[in-house]
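The values are calculated or read from the model by the stated rules, or taken from the named source; none is laboratory data. What you see is a predicted model, and the numbers here were worked out from it, not measured in a lab. Cβ sites come from the backbone with ideal geometry, for glycine too, and all protein chains shown count toward neighbours. Keep in mind that these areas ignore ligands, DNA and RNA; they rest on the heavy atoms of the full protein, side chains included. Shrake-Rupley method; radii C 1.70, N 1.55, O 1.52, S 1.80 Å.
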Amino acid sequence: MRAALPETGRTRGTGASPPASREPRPRVPTGPTHPLPAADPAVRGALAEAVGAVDAPDVVVAWSRRGERAVCTGGTAPPPTVPREVSRYEIGSAGKTLTGLMLAVMVGAGRVRWTTPALGLLVPESVPGPAPITLLHLVTHTSGLPRLPADLYPSALRHRATNPYAGYPTRRVLDAFARYRSRRPPGSRWRYSNLGVAVLGHALGAAEGISWEGALEQRVLAPLRRVGAANIGTAPASGADPSRGPVDAVGHGRDGLTPVPPLLMGGFPAAGAVRGDPVSLLRLMELHLRPVGAPDPVTAAALETVRVPVLRHGRHRERTHTVTWFHEEGSRGPVFFHAGATCGQQAFLGFRPGTGTAVVAVCTRRYRLGDAFPSVARGLLDTLP
């Protein structure tokens with residue numbers, strides 16, 4: 001049985017430089033290849049068309065439906081030494097879904113409640129006010145916190161092309177949370193907040209007596225490895241041999257040529273530090289479709305919980321969200337999805353329970369105006385069987 005969700009209210013380090021060996025890769029388009037081909041020619045064609053529509057050095061699209069999988073790769077650069085489908089990719093804000101899943105797991109395990117005040121976990125001696133910001137407010141972006149702290153911007157702008165978060169440590173994140181005063185009570189408005197999810201991560205880590213990274217490893221990542229999601233992590237990998245450990249894809253700037261360093265999130269890891277290979281991420285989507293395959297009953301219940309819509313927002317309350325996923329109705333049933341972008345990579349995760357379909361798409365070029373990647377990736381959930 002999934003954990004019951006309370007109402008949310010009437011809502012509507014410094015950046016590292018790329019290694020010297022990472023020279024810009026020439027733009028020599030690589031035709032779509034199928035390291036794991038779909039049996040259905042229409043699916044193969046749709047995946048190849050999607051890969052070809054994205055202008056990025058490396059593109060990978062992975063699809064799954066009721067046990068069948070397919071992977072298609074390509075890009076504007078020559079194939080890298082490590083196959084594209086084997087490397088890990090930065091998934092940015094799409095990684096927030098794992099923080100939300102961890103919260104659901106911890107609620108199911110009795111470690112916290114949805115209504116637990118975040119400040120009480122971070123500062124145990126504190127006395128919550130009459131309308132405290134709870135863990136549910138943070139995960140659903142209804143806390144009232146701004147997208148980012150105001151004092152982050154000066155440093156972030158100086159490093160906006162590489163690592164805007166790296167110079168803003170955990171201490172400053174928690175200070176920003178402690179001093180912020182909203183004009184509206186928590187739960188009264190939806191406002192997307194990287195700061196809020198960062199605070200949530202630190203609060204969940206505090207509940208376990210460890211860091212967010214450690215709590216995520218214990219509660220989510222280690223159990224997921226037992227059921228096939230083997231290559232998802234939070235720290236950059238330095239290796240170049242996939243037989244000896246994770247290998248990370250290299251991101252690129254808006255020009256599609258200039259390499260950018262691995263993402264460092266400073267005090268914001270829960271908001272975007274996750275990276276994973278396409279097949280492991282696809283396995284994660286499959287578990288959302290069939291929680292019966294989860295490694296334990298608590299995780300299975302949490303996977304069901306995070307599919308339940310909990311709020312609406314927008315002028316006409318037309319946008320629906322679960323505690324982790326954007327949720328939209330479609331002709332073949334609801335779809336659940338989340339996108340993410342970093343300084344050199346983009347990602348899309350999504351699934352449609354009505355048809356048992358899951359989609360993962362990644363690329364290694366920073367988002368730019370008119371970028372086809374988001375619409376191409378989202379469109380696959382509508383067009384693929």
Checklist outcome for this item: (1) under 25 Å from residue 203 (Cα atoms); (2) within 18 Å of the chain's Cα centre (by Cα) all hold for residue 297 apart from (2)
Item to check | Given (1) under 21 Å from residue 260 (Cβ atoms); (2) crowded, with 16+ Cβ neighbours inside 10 Å, number of the condition residue 50 does not satisfy | outcome: (1)
Checklist entry - For the subset of segment 166-185 comprising residues that are at pLDDT 95 or above, closer than 28 Å to residue 321 by Cα and not β-branched (Val, Ile, Thr), which member is most open to solvent (accessible area, probe 1.4 Å)? => result 174
Item to check | Long-range neighbours under 6 Å by Cβ, at least six apart or interchain, first residue at negative phi within segment 69-91, second open to solvent by less than 20 Å² (accessible area, probe 1.4 Å) and aromatic (Phe, Trp, Tyr) | outcome: 70/63
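Rundown of residues vs (1) open to solvent by 30 Å² or more (accessible area, probe 1.4 Å); (2) more than 22 Å from residue 107 (Cβ to Cβ); (3) part of a helix (DSSP H, G or I); (4) charged (D, E, K, R), yes/no style:
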position	(1), (2), (3), (4)
203	no, no, yes, no
213	yes, no, yes, yes
223	no, no, yes, no
227	yes, no, no, no
239	yes, yes, no, no
Checklist entry - Taking the stated definitions as given, is residue 41 at pLDDT below 95 and touching a Ser or Thr at 6+ places or on another chain (Cβ under 7 Å)? => result no
Item to check | Pairs with Cβ under 6 Å, 6+ apart, first in segment 273-300 and open to solvent by 30 Å² or more (accessible area, probe 1.4 Å), second of a type in the set (D, E, K, R) | outcome: 295/226
Next on the checklist: Criterion first (touching a Gly at 6+ places or on another chain (Cβ under 8 Å), polar (S, T, N, Q), assigned to a loop (DSSP other than H, G, I, E, B) and open to solvent by 10 Å² or more (accessible area, probe 1.4 Å)) does residue 143 satisfy it?
Outcome noted: no
Next on the checklist: Quick check on my filter: what residues within segment 313-326 are farther than 23 Å from residue 276 by Cα and either among the polar types (S, T, N, Q) or surrounded by 17 or more Cβ atoms within 10 Å (Cβ to Cβ) (or both)?
Outcome noted: 313, 320, 321
Checklist entry - open to solvent by 10 Å² or more (accessible area, probe 1.4 Å), out of contact with any Gly (no Cβ under 6 Å at 6 or more places or on another chain) and assigned to a helix (DSSP H, G or I) - does that describe any residue in segment 243-265? => result no
Checklist entry - What number of residues in segment 118-131 are assigned to a loop (DSSP other than H, G, I, E, B), touching a strand residue (DSSP E or B) at 6+ places or on another chain (Cβ under 7 Å) and open to solvent by less than 40 Å² (accessible area, probe 1.4 Å)? => result 0
Item to check | Among (1) farther than 30 Å from residue 146 by Cβ; (2) part of a helix (DSSP H, G or I); (3) among the charged types (D, E, K, R); (4) open to solvent by 30 Å² or more (accessible area, probe 1.4 Å) - the single one residue 219 does not satisfy | outcome: (1)
Checklist entry - Yes or no: residue 56 open to solvent by 10 Å² or more (accessible area, probe 1.4 Å) and touching a helix residue (DSSP H, G or I) at 6+ places or on another chain (Cβ under 9 Å)? => result no
Checklist entry - Got at least one residue in segment 99-114 being of a type in the set (Ser, Thr, Tyr), surrounded by fewer than 22 Cβ atoms within 10 Å (Cβ to Cβ) and within 20 Å of the chain's Cα centre (by Cα)? => result no
